[in-house]
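Structure, as structure tokens:
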Amino acid sequence: MNKHGIVYIGADHQGFRLKAKLKEYLESAGFEVIDTGDTALNPEDDFPVFASKLVHALFADRDREAKGILICGSGQGMAIAANRFKGIRAAVLDTVEEARLARNDDDINVLALPAIKLNDNPQLMRDIVDTYLATPFESIPKRLRRNKLLDELN
């Protein structure tokens, strides 16, 4: 395993181009990157398929504390799909401050990126991803309690 950690990435057709940039960036930064798809640009693909693949891969790799990054046009579809799974806390983030707060306060384990906003701003994408991956969860009682309550929702 690489010293920087493991990151699963997945994208539909709208996020395909940004995913390629993200993969190159993460690998150059020393992360082990596992691409859960799509492997070819397919305008007819469906984002829930890739969200599901990534979540299942994360669940199978719990011991290594991997994180996930999903990309679609707005990021919203991927976040909605990923959040259907108990134990997943996905958020659409398009600022560095949102990334810091979402990790620190909510312990998100899946970042959903909006390709429409970030395709032409790779530096902002890198800054958001860096913050997501580097910010620890402030595991104080109220935050732990809230995440437990989320997992108990029906």
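The values are calculated or read from the model by the stated rules, or taken from the named source; none is laboratory data. What you see is a predicted model, and the numbers here were worked out from it, not measured in a lab. Positions of Cβ are backbone-derived with ideal geometry, glycine not excepted, and every protein chain shown enters the neighbour counts. Just the protein is used for accessible areas: all its heavy atoms, side chains included, with ligands, DNA and RNA removed. Shrake-Rupley method; radii C 1.70, N 1.55, O 1.52, S 1.80 Å.
A Cβ-based charge dipole, computed about the Cα centre of segment 15-72 with Lys and Arg at +1 and Asp and Glu at -1, lands at about 160 debye.
When the Kirkwood radius is taken over all Cα pairs of the chain, what Stokes-Einstein diffusion coefficient follows at 10 °C and 1.306 mPa s, in µm²/s?
Working: Rh = 15.3 Å.
Diffusion coefficient, whole number: 104 µm²/s.
Give, as a single signed number, the net charge of other residues whose beta carbon lies under 9 Å from the beta carbon of VAL110, with Lys and Arg counted +1 and Asp and Glu -1. Don't skip to the answer; put the middle values down first.
Numbers: positive: LYS67, ARG89; negative: none.
Surrounding charge for VAL110 is +2.
Every helix of 4 or more DSSP H residues in the chain counts as -39500 (n - 2.57), and over all residues that averages to -14500 deg cm²/dmol at 222 nm.
Compute the length gained on full extension between VAL96 and ASP130: take 0.36 nm times their separation in residues and subtract their Cα-Cα distance, giving the result in nm to one decimal. Can you show the working numbers first?
Working: separation 34, 0.36 × 34 = 12.24 nm, distance 0.87 nm.
Gain on stretching VAL96 to ASP130: 11.4 nm.
Sparsely packed loop sites in segment 32-106 (the GluC sites (Glu not before Pro) outside DSSP H, G, I, E and B with at most 12 other Cβ atoms within 10 Å) comprise GLU44, GLU65.
Taking 0.36 nm per residue of separation and subtracting the Cα-Cα distance, full extension of the segment from GLU32 to LYS142 would add 36.4 nm. Spin-label model, GLU24/ASP105: points 7 Å from Cα along the beta carbon direction are separated by 3.5 nm.
Taking label points 7 Å from Cα along the Cα-to-Cβ direction, ALA60 and ASN42 give a separation of 1.7 nm. Taking only protein heavy atoms and a 1.4 Å probe, the accessible area of segment 44-154 is 52% carbon and sulfur. Surface analysis of segment 62-148 yields an accessible area of 49 Å² per residue, using protein heavy atoms and a 1.4 Å probe.
Nearest 10 degrees is fine. How inclined is helix 141-152 to the longest principal axis of the chain, computing both from alpha carbons? With rounding to tens, the tilt is 70 degrees.
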